[in-house]
Amino acid sequence: MSGSQSRLSVPGVASVRSQSGCVIAPGATIGILGGGQLGRMFCLAARRMGYGVQIFGDTPDSPAGQIADRTWPAPFQDHAQLRLFAEQVDAVTYEQENIPVETVEVLRERVPVRPAVGLLAAAQHRIREKTAIRSIGIATADFHRITSARDLSMALADFQHTGILKTVTLGYDGKGQARIAPGTDIPALWSSFGVSEAILEREISFAHELSVVAARFADGTVVPFQATLNQHVNHILDLSVSPSPAIEPRVMQEACDVAAAILEHFGVVGVICVEYFLTTSGRLLVNEIAPRPHNSGHLTIDACQSSQFEQQVRAVCGLGSGDVRQRQPAAMVNLLGEHLAAATPERWQAVFARPEVNVHLYGKAQARTGRKMGHLTVLADTAAAAAAAALSARSVLTGAGSLHE
C-alpha cells in the first residue's frame, strides 16, 4: 500500500490530550527509562537544577547510571519492578524510543509520563510514523509497505527501480536499511532482511539534511531551537552546525512550524527532534521523528542558556521554557570509537589546551567502531569557523592533525 493511501492506526493518538498538572519542584525525583548518553546528559541537567534522578532499564555503570542516584537494572517488561520504580519517582521520561508501549502504560497509571504514549508508538514504527505525519498535511518521502519479495518488486516499479528499503522497527544510524539500484537481486535482498514487514522509501535527491529540536510545555507553548545543518558519514551523524547560511529563513521557519504541528498533533509535553531532507528543488520533507532530545541538539549545551536537556527537565516538571537563543554560532562533531583509537594522553592534552573546544565524553568503557563515545562543541564568530575548529580538534585525537597547531 502506498504512503498516500496507507491509514494504519497509531495507538493512543486519537485520545491524546495536552498534559497538564502541578509543578514538580526541585527536590523531587525524575525517573528515566533507559541509561544511555542522552540519559546521562539529562541527569547532569536535572542534578544541576536540584532534582534527583533514577534510571530504569540499565546498569549502574551505564552512561546515565554513573550520574543517577539509583539504577533499576530490570527489563522493561518487569511490571513488578516498574510499580516499585513508580513509587520512588515524581515523573518519568525516556531517553530512547525503543521502550515498550506497555511499559509506559503500566507507569502512567501511577505517575506522570512525558512525552505521551502516542508519539512513542508512532516513532517506533516507520509506517505508523509517516502515516501520522501525512495525516496532518506534512510531506514525507513517498513509501510503500512491503511484506514480500513480490511486494518489493511491484513497489520498485513505481519508483523507477530504485529506493531505500528499511526495517519498520529498531533501525538507527543506517542499520536495517539498504539502497536498491536497478539490477539488484530482489528475492535475495528480501530474504537477507529476515523480517515480515518493511518499508520502501523513494530515494530523495536532497541538497541538505537538517533538524529542529523543539519543546512543548504543559500550557501548550512550543519553543524551538534554531535548525541545525547536519552531515552524516556512513549513516551516522558526523557534524552539526547552527545557524547555517545554507538554511534560508523561509526553510528555517517552515522547519520550526512543522515541528510545532507535530508536537501539537501528538499532544507532546517534552522535547522532540524532527529530521528533514531539503530537496534540490527546495522542498522540505520530514525524514523521521525522535521523541526525545537528539544528537544534533548537543551543541545547545554550550551554545544556549537552556539546553535541550534543561528544556526536557522543565517540560517534564511542569515548568516554563528557558532561554534557547544561541550565544554564538556553534558546531558539534561526534567522537566515535574509531576516532579515539589513537587518542593518546598527549593528544588529549593538546585538545584540552584549546580553550574554544568543549569536550563531552559519555563514560562508555568499550570503544567500538561506529559507537558514539562523546562529542566536541566549538562556539565561534561564524558557523564555518566553529566547524573548522571542531574538526581540527578531532583530527588531533585521531592522529591526522598536528599536536602543535
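So which of GLU209, GLU197, GLU201 is farther than 30 Å from GLN328 by Cβ and either crowded, with 17+ Cβ neighbours inside 10 Å or at pLDDT 95 or above (or both)?
Residue meeting the stated conditions: GLU201.
State whether one or more residues within the range 254-270 are more than 18 Å from LEU361 (Cβ to Cβ), of a type outside the set (A, V, I, L, M) and in contact with a helix residue (DSSP H, G or I) (Cβ under 6 Å, 6 or more places away or on another chain).
Scanning the range 254-270 turns up at least one residue that is more than 18 Å from LEU361 (Cβ to Cβ), of a type outside the set (A, V, I, L, M) and in contact with a helix residue (DSSP H, G or I) (Cβ under 6 Å, 6 or more places away or on another chain).
Please count how many residues of the range 347-365 are touching a helix residue (DSSP H, G or I) at 6+ places or on another chain (Cβ under 8 Å) and either modelled with pLDDT under 95 or of a type in the set (Asp, Glu) (or both).
Final tally of qualifying residues: 1.
In this structure, does ALA365 turn out to be in contact (Cβ under 8 Å) with a residue 40 or more places away in the chain, out of contact with any Cys (no Cβ under 8 Å at 6 or more places or on another chain), aliphatic (A, V, I, L, M) and within 15 Å of SER240 (Cα to Cα)?
no
Quick test of your reading of the structure: ASN287 fulfils all but one of (1) free of Cβ contacts under 8 Å to residues at least 40 places away in the same chain; (2) not in a helix (DSSP H, G or I). Name the failing condition by number.
Single failed check for ASN287: (1).
Among LEU319, LEU376, which is the only one that is out of contact with any strand residue (DSSP E or B) (no Cβ under 9 Å at 6 or more places or on another chain), under 29 Å from GLY50 (Cβ atoms) and among the hydrophobic types (A, V, I, L, M, F, W, C)?
Result of the check over LEU319, LEU376: LEU319.
Name the pairs whose Cβ atoms lie under 7 Å apart, with the first residue in the range 248-274 and surrounded by fewer than 24 Cβ atoms within 10 Å (Cβ to Cβ), the second of a type in the set (D, E, K, R) and modelled with pLDDT under 95, and 6 or more positions between them or separate chains?
Here the result reads GLY267/ARG17, each pair linking the range 248-274 to a residue that is of a type in the set (D, E, K, R) and modelled with pLDDT under 95.
Suppose we keep only residues that are hydrophobic (A, V, I, L, M, F, W, C) and modelled with pLDDT under 95 within the range 20-50. Which one would you say is farthest from the chain's Cα centre (by Cα)?
Of everything passing the filter in the range 20-50, CYS22 is farthest from the chain's Cα centre (by Cα).
On the basis of being modelled with pLDDT under 95 and either assigned to a loop (DSSP other than H, G, I, E, B) or in contact with a strand residue (DSSP E or B) (Cβ under 8 Å, 6 or more places away or on another chain) (or both), does PRO75 make the cut?
no
When only residues in the range 355-400 that are in a loop (DSSP other than H, G, I, E, B) and of a type in the set (Val, Ile, Thr) count, which is nearest to GLU338 (Cα to Cα)?
Among those that are in a loop (DSSP other than H, G, I, E, B) and of a type in the set (Val, Ile, Thr), it is THR369.
Considering (1) within 29 Å of ASP142 (Cβ to Cβ); (2) of a type in the set (A, V, I, L, M, F, W, C); (3) assigned to a strand (DSSP E or B), say which one ALA246 fails and leave the rest.
(3)
Does the range 128-171 hold any residues that are buried (at least 22 other Cβ atoms within 10 Å of the Cβ) and in a helix (DSSP H, G or I), and which are they?
GLU129, LYS130, THR131, ALA132, ILE133, LEU152, ALA155
The values are calculated or read from the model by the stated rules, or taken from the named source; none is laboratory data. Here the structure is a predicted model, which is why all the values come from computation and not from measurement. Methodologically, a virtual Cβ is constructed for each residue, glycine included, from the backbone with ideal geometry; neighbour enumeration extends over all protein chains shown.
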